[in-house]
Structures are given as structure tokens and as C-alpha cells.
Amino acid sequence: MNCPLCGEPNHCGIKAVKEDQANCWCFYEKFPQELLQQLPDEQRNKACICKSCLDAFQASRK
């Protein structure tokens, strides 16, 4: 699965979570509403943003 913002792999762990093998890195992060609003409507609540895009967004807010 790829990040809808940059197109790079998002390292989503949802498959592992569903198989009860692991947690996903995103469970421990906060995704600001302003970042989530950058997703196209058809991908909102369906696609995973990667850690790089999350980190870049947070750095731009400092």
C-alpha cells in the first residue's frame, strides 16, 4: 500500500493487525486534521499516510 500524498510505501501494518500479529506504527501517532484534509475525498478514512509525510507536515508547523 502506498501513501496517497507522496505515492511511497506507507508501511501499513493493518494486515498484520488483522492477523493478530502486530500493531501498526500509526497507532502511536497523532494525525492533525489539517493533514487528513489534504487527502482526496475518495481516499479519506481509507488510505494510510506514511510516516515521512506525517513528519514533514509536523516539521512544517514548527
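Across the chain, the fraction of Cα-Cα pairs farther apart than 19 Å, rounded to a whole number, is 29%. For the chain, the number of Lys pairs separated by eight or more positions or lying on different chains, with C-alpha atoms closer than 20 Å, is 7.
With charges only on Cβ, +1 for K and R and -1 for D and E, what is the dipole size of the chain about its Cα centre, in debye, rounded to 20?
On the way: 8 positive and 8 negative charges, 28 e Å.
Dipole magnitude for the chain comes out near 140 debye.
On a full-extension model of 0.36 nm per residue, what is the gain between Lys46 and Cys6, subtracting their alpha-carbon distance, rounded to one decimal in nm? Intermediate values should be presented prior to the final figure.
Numbers: separation 40, 0.36 × 40 = 14.40 nm, distance 1.56 nm.
Separation in residues times 0.36 nm, less the Cα-Cα distance, equals 12.8 nm.
Just add up the charged neighbours of Glu29: K/R +1, D/E -1, any other residue whose Cβ is under 11 Å from the Cβ of Glu29.
+1
The stretch between Gln58 and Trp25 holds 10.3 nm of extra length on full extension. This uses 0.36 nm per residue minus the Cα-Cα distance. Toward the positive end of the charge dipole of the chain, with +1 on the Cβ of Lys and Arg and -1 on the Cβ of Asp and Glu, the farthest Cα among Pro4, Ala56, Leu39 is that of Ala56. Phi angles across the range 40-49 convert, under the Karplus curve 6.51 cos²θ - 1.76 cosθ + 1.60 with θ = phi - 60°, into 3J(HN,Hα) values of x, 3, 6, 10, 5, 6, 10, 10, 9, 6 Hz, Gly and Pro given as x. Nonpolar atom fraction for the chain, defined as the carbon and sulfur part of the 1.4 Å probe accessible area, stands at 48 percent.
The values are calculated or read from the model by the stated rules, or taken from the named source; none is laboratory data. Because the structure is predicted, anything quoted here is derived from the model rather than measured. As a convention, Cβ positions derive from the backbone with ideal geometry for all residues, glycine included, and neighbour counts pool all protein chains shown. Surface accessibility is based on the protein's heavy atoms, side chains included, excluding ligands, DNA and RNA. Shrake-Rupley method; radii C 1.70, N 1.55, O 1.52, S 1.80 Å.
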